[in-house]
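Engineer: Take a look at the following structure, please.
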Amino acid sequence: MSYFIARRLAGFLLTLWAVSVVVFAVMNVLPGDPALTILGIDSTEEARAALRARLGLDQPVILRYLDWVAGALRGDFGESYSFGVPVSGLIAERLPLTFSLALSGMVVTVLLALVLGITAAARHGRPGDWGIMLLSQMGIAIPAFWLSMLLVLLFAVKLRWLPPGGFPGWGDPVAALRSLVLPTAALALVQSAVLARVTRSAALEVMRLDFVRTARATGFGSRHVLWRHVLPNALVPIVTIVGLQFAGLVTGTIVIENVFYLPGLGRLLFQSIANRDLITVQALVMLFAALVVTANFLVDIAYVVIDPRLREARG
Amino acid sequence: MAFTRISGTGLAGAFALAIAFGATAASAETSVSIGFQQEPTTLDPTSDATAAIDGIITHNVLESLTVANESGEVLPALAESWTISDDGLTYRFNLRQGVTYHDGTAFDAEDVKFSFDRAMADDSENPTKGIFSPVESVTVIDSHTVEMVLKNPDAFFLFNIARGDASIVAPESVDQLKTAPIGTGAYRFDSWTRGDRLTLAKNPDYRDAADVALDKVVIRFISDPAAASAALLSGELDAFPGFPAPEMLPQFEADPRFTVTMGSTEGEVILAMNNAKPPFDNVEVRRAVSHAIDRAAIIDGAMYGRATPIGSFYPPHGPAYVDLLDTYPHDPDTARAMFEEAGVAGSTMTIRVPPFPYAMRSGEIIQAQLTAAGIDAKVENVEWGFWLDEIYKKQNYDMTIIAHTSPNDMGNFARGKSYFYGFEDPDFTDLWNRISTEADPDTRNDLLRQGQEYLTENAIHGFLFQLPRLGVYDARLRGYWTASPVLYEPRASMSWAE
């Protein structure tokens, strides 16, 4: 098992390195001069040259890449071209929000999907099942940004129960939680639709197996059988999808943060691309890539924990 | 199944709990919350051209020697008065006494010299360094008198030094301009939560502090028009001065809680043609394009009718405006005949459009209009960085659509072939030199009229419309600007109606 983990770890590091090369290369062939973007079209060439020199953009590409990697390894992602403050600070400032949003989105997605999926499986072929499947079909079809707008119109504009967007910071926990309700709902409703369907079919698959009939025959209640016997055995496909969805959730926050004008990493990425703040974009793309790669790594580890058979097979 | 029912109730309960805490707080009457579409990345107007910096900081936190009002007139700010020598070369500024910065230090003539020298230095990153180019020297006469000597007379000097680019800063606090600027204005910088909001607080020591009604100005950054609209409707925002979506205005106009404004700006929207490149080096082709364009249809379609057409490169509200709208009446048949005459009928012309709603929408309509005149017109939507690189720097384009938002920018046509217009005519350059050095306003306006006529006559570009400044305000708000003659707007005059 340690061999398995070590191999995954090596793959993990290799992927990150490859990402760093690709990201850096892409950033450097992108058209657009950061100095011109910052100083605007009425600036003089002289002023732009002075800014480029200060940002180190007049150095050779290889040197800049090495500088960047050396810095990143020390946790120093350089100074943002456009904000003029350390990139690590910008990220630290916004990480808590994106993290809270992704976490609450994930928790609500999983809870909602498991409850709906298992319920549908238990009522297989009956109206409850059809209702849930119909709802989840709609959830898959509806884009998150559109659902967001509907939620805002109803809960913020019409009923005025919740703020239409923005994030006041964790200094005021109640206000912070209130401002996360709609974004979380918009993220989770769409994501849980897919997961609910997967849960349902995985559960149905398991319910056909002999040991479930045996469990029932032993006299366990149907609720007990579903949650203690069916669900654990249906977990492998569910966890696979959860892992994939985590990537979707992280990128989903980019859209959601823009619709709800939340000051998170997604919005920072958006702004930085528009500002040609290449050094910030690099750091953020690396961070997002690292998150996704880490999630996949954890899913692989999770398989081993969930399914004892894999433990032996993969040694 | 009992379990799901319980968990369903639990979820609903958690939602209800989150909702129950605190209804939306009514906005206090001593603060205002203003929406901005663009968030600045730094707060230093002297090193970054982002318009939002001026909109927030200039003449609110930082002040300049002079200031323009809503009609573009120059008024005293940190300079209480000034005298100009007869040859128009020497400016003597008498500075205001007893002014202090927000950190308590005193403002004096050395700060003025420092600020100008800094902007004019060789390694200066000032985005409009050009406005300082006429300045020969800045001399401190005494603690509250400064003399500036110009190399040549500059008609726009007093107007230009009102800009944020010429903000007066102190050497002691210059290092924090980007993140927490310290100035002399009616508001001091309070806090900035990047990505969300920036707060300005009233400066109790301001010279006219008694007249400043609002204690707090909160700027909220909302880029998505639908989100901005929801924020206004829900009462989260009190004002949105540069509202980005004209199509969403009718719902605000129908709602008595709001006032909708349409003011003028200095932004001329043009269909720029690459004058250096065939076929646009041929004046007849450019004239044919001008005939092919239907401004009314563009304004209706792209701006929902909310814009003023222009026939040349000068704002319709300016004192020297000439109406040249009928020089090239919209006529696809005339255009087609002229394209045929010039041998370009049926050829391909590509409009490379930057990612601004006015430009993208206008692009599609102009494409249809050129097609109707027998041109194989194509639209290529490009991203802003690409536009700056390919079109602005490398002049690699046929046509593009762009708003020129600087005041007094007819001088663009005197920037030579290396400017992205690809246009140069020594006669026009001479004319512009006379305009920019003419001290007498009447003579200058005459020359400006000649300039407009020249540009229209030669159909350098397709002149489309003046970019409007659309605003949505709480109907009880007072003291804001409808028009936008400059990039800044002092908020000290804002108040709530009783």
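Engineer: If A:Gly221 passes every condition in (1) over 15 Å from the mean Cα position of the chain (by Cα); (2) among the small types (Gly, Ala, Ser); (3) more than 14 Å from chain B (Cβ to nearest Cβ); (4) more than 20 Å from A:Val110 (Cβ to Cβ) but one, which one does it miss?
Structural biologist: All conditions pass for A:Gly221, except number (3).
Engineer: Is there a residue being in contact (Cβ under 8 Å) with a residue 40 or more places away in the chain, part of a helix (DSSP H, G or I) and surrounded by 16 or more Cβ atoms within 10 Å (Cβ to Cβ) anywhere in the range B:304-327?
Structural biologist: No, every residue in the range B:304-327 fails to be in contact (Cβ under 8 Å) with a residue 40 or more places away in the chain, part of a helix (DSSP H, G or I) and surrounded by 16 or more Cβ atoms within 10 Å (Cβ to Cβ).
Engineer: Moving on. With respect to the numbered conditions (1) more than 10 Å from chain B (Cβ to nearest Cβ); (2) surrounded by fewer than 24 Cβ atoms within 10 Å (Cβ to Cβ); (3) under 25 Å from B:Asp196 (Cα atoms), which one is the sole condition not fulfilled by A:Met149?
Structural biologist: (1)
So that you can scan it fast, the table gives a plain yes or no per residue for (1) more than 18 Å from A:Glu257 (Cα to Cα); (2) facing chain B (nearest Cβ under 8 Å); (3) assigned to a loop (DSSP other than H, G, I, E, B):
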position: A:Leu66; (1), (2), (3): yes, no, no
position: A:Phe77; (1), (2), (3): yes, no, yes
position: A:Glu93; (1), (2), (3): no, yes, no
position: A:Leu112; (1), (2), (3): yes, yes, no
position: A:Thr119; (1), (2), (3): yes, yes, no
position: A:Val157; (1), (2), (3): yes, yes, no
position: A:Pro164; (1), (2), (3): no, yes, yes
position: A:Gly171; (1), (2), (3): yes, no, yes
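Engineer: Which residue, of A:Arg276, A:Arg267, is in contact with a Pro (Cβ under 8 Å, 6 or more places away or on another chain) and either farther than 15 Å from A:Phe12 by Cβ or in the same structural domain as A:Pro237 (by TED's automatic domain parsing) (or both)? Explain how you work it out, then say what you get.
Structural biologist: On the way: A:Arg267 fails: in contact with a Pro (Cβ under 8 Å, 6 or more places away or on another chain).
Testing whether each residue is in contact with a Pro (Cβ under 8 Å, 6 or more places away or on another chain) and either farther than 15 Å from A:Phe12 by Cβ or in the same structural domain as A:Pro237 (by TED's automatic domain parsing) (or both) leaves just A:Arg276.
Engineer: Any idea how many residues of the range B:455-486 are in a loop (DSSP other than H, G, I, E, B), under 30 Å from B:Ser234 (Cβ atoms) and in contact (Cβ under 8 Å) with a residue 60 or more places away in the chain? Working first, answer last.
Structural biologist: Within the range B:455-486, the first condition is being in a loop (DSSP other than H, G, I, E, B), and the residues that meet it are B:458-461, B:467-468, B:475-476, B:479-483, B:485-486.
Subsequent filtering for residues that are under 30 Å from B:Ser234 (Cβ atoms) retains B:467-468, B:475-476, B:479-483.
If we keep only those that are in contact (Cβ under 8 Å) with a residue 60 or more places away in the chain as well, we get B:467-468, B:475, B:479-483.
Going through the range B:455-486 one residue at a time, the tally reaches 8.
Engineer: Give me the helices (runs of 4 or more DSSP H) completely within the range A:235-315, filtered to those with at least 2 residues that are surrounded by 18 or more Cβ atoms within 10 Å (Cβ to Cβ) and away from chain B (no Cβ under 12 Å), ordered by residue number.
Structural biologist: Values: elements: A:265-274, A:278-306, A:308-314.
Qualifying helices (runs of 4 or more DSSP H): A:278-306.
Engineer: Suppose we keep only residues that are within 14 Å of another protein chain (Cβ to nearest Cβ) and in a strand (DSSP E or B) within the range B:207-222. Which one would you say is surrounded by the fewest Cβ atoms within 10 Å (Cβ to Cβ)? Break it down into steps so the answer makes sense when it comes.
Structural biologist: Within the range B:207-222, the first condition is being within 14 Å of another protein chain (Cβ to nearest Cβ), and the residues that meet it are B:218-222.
Now narrow it down to the ones that are in a strand (DSSP E or B): B:218-221.
Details: B:Val218: 20, B:Ile219: 22, B:Arg220: 24, B:Phe221: 23.
Among those residues, the one meeting the criterion is B:Val218.
Engineer: Within the range B:234-287, how many residues are within 21 Å of B:Gly301 (Cβ to Cβ) and of a type in the set (Asp, Glu)?
Structural biologist: 3
Residues checked against (1) among the hydrophobic types (A, V, I, L, M, F, W, C); (2) within 9 Å of chain B (Cβ to nearest Cβ); (3) closer than 30 Å to B:Tyr419 by Cα:
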{"position": "A:Val21", "(1), (2), (3)": "yes, no, no"}
{"position": "A:Asn28", "(1), (2), (3)": "no, no, yes"}
{"position": "A:Leu39", "(1), (2), (3)": "yes, yes, yes"}
{"position": "A:Arg74", "(1), (2), (3)": "no, no, no"}
{"position": "A:Val87", "(1), (2), (3)": "yes, no, no"}
{"position": "A:Phe99", "(1), (2), (3)": "yes, no, no"}
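Engineer: Looking only at residues in the range A:202-217 that are of a type in the set (Gly, Ala, Ser) and free of Cβ contacts under 8 Å to residues at least 24 places away in the same chain, which one is surrounded by the fewest Cβ atoms within 10 Å (Cβ to Cβ)?
Structural biologist: Initial filter on the range A:202-217 (of a type in the set (Gly, Ala, Ser)): A:202-203, A:215, A:217.
Those left that are additionally free of Cβ contacts under 8 Å to residues at least 24 places away in the same chain: A:215, A:217.
Numbers: A:Ala215: 18, A:Ala217: 8.
Here the residue is A:Ala217.
Engineer: Sticking with this one: Could you tell me whether the range A:286-301 includes any residue that is among the aliphatic types (A, V, I, L, M), touching a helix residue (DSSP H, G or I) at 6+ places or on another chain (Cβ under 6 Å) and more than 30 Å from A:Ala25 (Cβ to Cβ)?
Structural biologist: Within the range A:286-301, none of the residues are among the aliphatic types (A, V, I, L, M), touching a helix residue (DSSP H, G or I) at 6+ places or on another chain (Cβ under 6 Å) and more than 30 Å from A:Ala25 (Cβ to Cβ).
The values are calculated or read from the model by the stated rules, or taken from the named source; none is laboratory data. Everything quoted here is computed from the prediction, not taken from an experiment. Virtual Cβ from ideal backbone geometry, glycine too; neighbours counted across all protein chains shown.
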